[in-house]
Amino acid sequence: MSLVVFDMGGSSIKYGLWKQQTISQLDRFTTPSTFEKLKLQFKQVIAQFKEEITGVAISAPGAVNVTQRKIDGISAIPYIHHRPIFDELEDALDLPVTIENDANCAGICEMTLGAGKHSKHAIFLVIGTGVGGAIFINRHLYKGAHLFGGEVGLMHNQNKMTLSHNGTAVNTAHRFSEQYGNKVTGIELFEQKDKGDKRAIQAIETMYEHLADSLYNIQVSLDPEMIILGGGISARKELAEELQGRLQTLLTNEGVPEILPEIKTCHYQNNANLIGAAINFETMQKDR
């Protein structure tokens, strides 16, 4: 089985070839402005591969409704929503197509092949410009009654703001820039912290506190044995260590240190969405 796999983002779409349980020939293109242009770009990508392609696997933003074969909700790619997108793409590409939410795809990858492959109950968090997530109970993806299972970025912290607002390096750097009149990126903010800048240290400390606060609520609600962290910030070794220690303190303060989960970072990093989409395709084909 050879699949072309796409990971759709608001600014660019990554793609690659999935064959013999390996992702290769990775590349990307700018996200098209219309659905018609998207279909054309998909066709051109598929045509460039020399081997016989047996299907197309897609990781996409939004609440993917597999039963109704459409994508609910909203995202940075508005034209993919509220249309029979599964059928339209299959007609255009003349290939079977599967689509799953991007955070769910990354979680599927990590639970099948990566950090959570030996875990029974786990939560996957992707920390990027916002915070998304996926819930796995008895190794099965739990989507919820309204396909909003895992949308932990909408959780409120004690300051009444959402975790997506409080818990990302992107938004933390934006607030830092506004407060001190010195525009920095998330990467640059961490660099200043590493050099001992007290203001940067405090900004990152506050971000960690908000993340730990939400992880506490997740832990006492769902009691996973593992929390897996993804997104660009997960490449920093300190992230898992900081959150593990802070969560341990919060649980100990409430007298339940024994329910502390293991916190690990995503093994497949930037390729997790693509790999998870391919695994989802294979699973869906088996279940037909």
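Observations
- Evaluation of Val184 against (1) hydrophobic (A, V, I, L, M, F, W, C); (2) under 22 Å from Asp213 (Cα atoms); (3) over 22 Å from the mean Cα position of the chain (by Cα) (one fails), failing number: (2)
- Close pairs (7 angstrom Cβ cut-off, 6 or more residues apart or separate chains): on the phi < 0 side of the Ramachandran plot and among the acidic types (Asp, Glu) in the range 1-25, part of a strand (DSSP E or B) and modelled with pLDDT of 95 or more anywhere: Asp7/Ile13; Asp7/Lys14; Asp7/Ser59
- Residues in the range 84-123 that are touching a residue at least 24 places away in the same chain (Cβ under 8 Å), among the acidic types (Asp, Glu) and surrounded by fewer than 24 Cβ atoms within 10 Å (Cβ to Cβ): Glu88 only.
- Taken over the range 262-281, the residue count meeting the criterion of being touching a helix residue (DSSP H, G or I) at 6+ places or on another chain (Cβ under 6 Å) and either in a loop (DSSP other than H, G, I, E, B) or of a type in the set (A, V, I, L, M, F, W, C) (or both) is 7.
- Every residue from the range 35-51 that is assigned to a helix (DSSP H, G or I), surrounded by 11 or more Cβ atoms within 10 Å (Cβ to Cβ) and not hydrophobic (A, V, I, L, M, F, W, C): Glu36, Lys37, Lys39, Gln41, Lys43
- Members of the range 2-34 found to be crowded, with 19+ Cβ neighbours inside 10 Å and among the aliphatic types (A, V, I, L, M), listed by number: Leu3, Val4, Val5, Met8, Ile13, Leu17, Ile23
- Subset of the range 231-265 (residues that are at pLDDT below 95 and in contact with a strand residue (DSSP E or B) (Cβ under 6 Å, 6 or more places away or on another chain)): Gly231, Ile233, Ser234
- For Ile259, the requirement of being touching a Cys at 6+ places or on another chain (Cβ under 7 Å) and farther than 17 Å from Gly133 by Cβ is not met.
- Selection within the range 205-219 - of a type in the set (A, V, I, L, M) and over 11 Å from Thr172 (Cβ atoms): Ala212, Leu215, Ile218
- Some residue of the range 239-254 being within 18 Å of Cys109 (Cβ to Cβ) and touching a Ser or Thr at 6+ places or on another chain (Cβ under 8 Å): yes
- Single condition His140 does not satisfy, out of (1) modelled with pLDDT of 95 or more; (2) farther than 17 Å from Ala122 by Cα: (2)
- One residue stands out in the range 255-273 among those that are in contact (Cβ under 8 Å) with a residue 12 or more places away in the chain and among the charged types (D, E, K, R): the one that is surrounded by the most Cβ atoms within 10 Å (Cβ to Cβ), namely Lys264.
- Here Ile71 fulfils each of the conditions (1) of a type outside the set (Lys, Arg); (2) in a loop (DSSP other than H, G, I, E, B); (3) without any contact (Cβ under 8 Å) to a residue 40 or more places away in the chain apart from (2).
- In the condition set (1) under 30 Å from Lys39 (Cβ atoms); (2) in contact with a strand residue (DSSP E or B) (Cβ under 9 Å, 6 or more places away or on another chain); (3) hydrophobic (A, V, I, L, M, F, W, C), Ile123 is compliant with all but (1).
- Flag if Ala240 is buried (at least 21 other Cβ atoms within 10 Å of the Cβ) and not charged (D, E, K, R): no
- Filter result for the condition that a residue is over 22 Å from His118 (Cβ atoms), of a type outside the set (S, T, N, Q) and outside any helix (DSSP H, G or I), over Gly245, Gly255: Gly255
The values are calculated or read from the model by the stated rules, or taken from the named source; none is laboratory data. As the structure is a prediction and not an experimental result, all values here were calculated from the model. Positions of Cβ are generated from backbone atoms using ideal geometry, with glycine treated the same way; all protein chains shown enter the neighbour counts.
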